[in-house]
1. What is the spin-label model distance, in nm, from Met56 to Gln42 if the labels are put 7 Å beyond Cα along the C-beta direction?
2. Just for the Cα atoms in the chain, what are the lengths along the principal axes, largest first, rounded to whole Å?
3. If you filter region 1-43 for trypsin sites (Lys or Arg not before Pro), then keep DSSP loop positions with at most 14 other Cβ within 10 Å, what is left?
4. Does a label point 7 Å from the Cα of Lys78, set along Cα-to-beta-carbon, have any residues of region 28-48 with amide nitrogen under 11 Å, and which are they?
5. Would you tally the net charge around Ala31, using a Cβ to Cβ cut-off of less than 9 Å, leaving Ala31 out, and scoring K and R as +1, D and E as -1?
6. How about region 1-61: which GluC sites (Glu not before Pro) there are in a DSSP loop, with at most 13 other Cβ atoms within 10 Å of their Cβ?
7. Quick one: net charge around Glu50, please, counting Lys, Arg +1 and Asp, Glu -1 for every other residue with C-beta under 14 Å from its C-beta.
8. Can you give the relative contact order of the chain as a percent, counting alpha carbon pairs under 8 Å and 6+ residues apart?
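Computed from the coordinates by the stated procedures, all read-outs in this text should not be read as laboratory data. Keep in mind the model is a prediction, meaning the values are calculated, not measured. Ideal geometry is used to build each Cβ from the backbone, glycine not excepted, and the neighbour counts take in all protein chains shown.
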Amino acid sequence: MTREEVMKKLNEIFCNVFDDESIVLKDETNANDIEDWDSLEQINLIVAIENEFEMMFDMAEVSDLANVGEMADLIMSKL
C-alpha cells in the first residue's frame, strides 16, 4: 500500500467519523482544523483507523502524533 492510498483511506475514515464529506486531509491537518475533533472523537478515530488497517497502536505512539501526516507515517511503518 502506498502512502497516497493510506491518506485516501484516512480521509474516508475522517469523513465517516465526523459525518462530514467535505473533509480533505493534508499532512498538516490536526485537531485545530476540524471543528468536532475532541478527545472523544480522537478515540473514535483511533479505533476506526485500527479496524480499517487491521493494526493496533499503543497510547505512547498516538499521544505523540502532531498531525495526520504523522499518523500516515506511523501506519506506513506498521504495514
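1. Result for the modelled spin labels: 2.1 nm.
2. Largest first, the chain extends 29, 25, 22 Å along its Cα principal axes.
3. Listed in order of number, the matching sites are Lys26.
4. Inside the label zone: 46-48.
5. -3
6. Loop-located and lightly packed - Glu21, Glu28, Glu35, Glu54.
7. Once all neighbours under 14 Å are counted, the net charge is -2.
8. 42 percent
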